[in-house]
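Right, one structure below, let's go through it.
The values are calculated or read from the model by the stated rules, or taken from the named source; none is laboratory data. Note that the structure is a prediction, hence the values are computed from the model and not measured. Cβ coordinates were reconstructed from backbone atoms using ideal geometry, including for glycine residues, and neighbour counts include every protein chain displayed.
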Amino acid sequence: MTPTAAMKIATPTDREVVMTRVFDAPRGMVFDALTKPELLKKWLLGPPGWTMPVCDIDLRVGGKYRYVWQNAEGRSMGMGGTFQEVTRPSRIVATEVYEEYWTGGETLVTTELVETRSKTTLSTTVRYASREARDAAIKMGATKGLEASYNRLDQLLATQN
């Protein structure tokens, strides 16, 4: 299986980034890859050389999650939040705060999955605390790290099909 499409990035408002990607897999499978720690640890790694030693998820409204990534030099980066909405297999809304606060505070992440003919369009909208926070995240390469992770997710889904 080859990647279905490149990730598309849009900035519909001065505080939002929308990242959309099509996967050649049913949305239930994509939803599981987004929400099961044993699967997330295989693909949500950002740039090459990073691992995810901590991936805790309490997938329910009001439940919390926490991820910690680490690179070969021992540098770590953590973030977490609270689930605001969980509708399996189509929608997840959660807050997100990085422990280093580079995003300028709490963001709201809305993930929507739409299936058409066994392909799933994954759309993630990140609403930052301010325009400056959004622009800083883009400049830092947050979308590039997610795109690398989505390429790994493509490979993972191919092995699950």
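Of everything in the stretch 123-158 that's among the polar types (S, T, N, Q) and over 13 Å from PHE23 (Cβ atoms), which residue is surrounded by the fewest Cβ atoms within 10 Å (Cβ to Cβ)? Spell out how you get there, then give the answer.
Looking only at the stretch 123-158, we keep the residues that are among the polar types (S, T, N, Q), and these are 123-125, 130, 143, 149, 151, 155.
Filter once more, keeping what is over 13 Å from PHE23 (Cβ atoms): 125, 130, 143.
On the way: THR125: 19, SER130: 13, THR143: 15.
Looking at the filtered set, the residue picked out is SER130.
Pick from the stretch 105-122 the residues that are at pLDDT 90 or above and over 13 Å from PRO89 (Cα atoms): which of them is surrounded by the fewest Cβ atoms within 10 Å (Cβ to Cβ)? Full working, then the answer.
Within the stretch 105-122, the first condition is being at pLDDT 90 or above, and the residues that meet it are 107-122.
Keeping just the survivors that are over 13 Å from PRO89 (Cα atoms) gives 107-110, 116-119.
Values: THR107: 24, LEU108: 17, VAL109: 15, THR110: 17, THR116: 9, ARG117: 5, SER118: 12, LYS119: 16.
So the residue we want is ARG117.
Of all strands (runs of 3 or more DSSP E) completely enclosed by the stretch 1-71, which ones contain at least 3 residues that are under 23 Å from GLU115 (Cα atoms) and touching a residue at least 12 places away in the same chain (Cβ under 8 Å)?
Numbers: elements: 8-10, 16-23, 50-57, 64-71.
Correct list: 16-23.
Taking strands (runs of 3 or more DSSP E) that do not extend beyond the stretch 91-161, which have at least 1 residues that are small (Gly, Ala, Ser)? First the steps, then the outcome.
Values: elements: 91-98, 107-116, 119-127.
By residue number, 91-98, 119-127.
Among the numbered conditions (1) within 13 Å of the chain's Cα centre (by Cα); (2) without any contact (Cβ under 8 Å) to a residue 12 or more places away in the chain, tell me where LYS139 comes up short.
(1)
Taking the stretch 26-63 as the search range and keeping residues that are buried (at least 16 other Cβ atoms within 10 Å of the Cβ) and of a type in the set (Gly, Ala, Ser), which one is modelled with the lowest pLDDT?
GLY46
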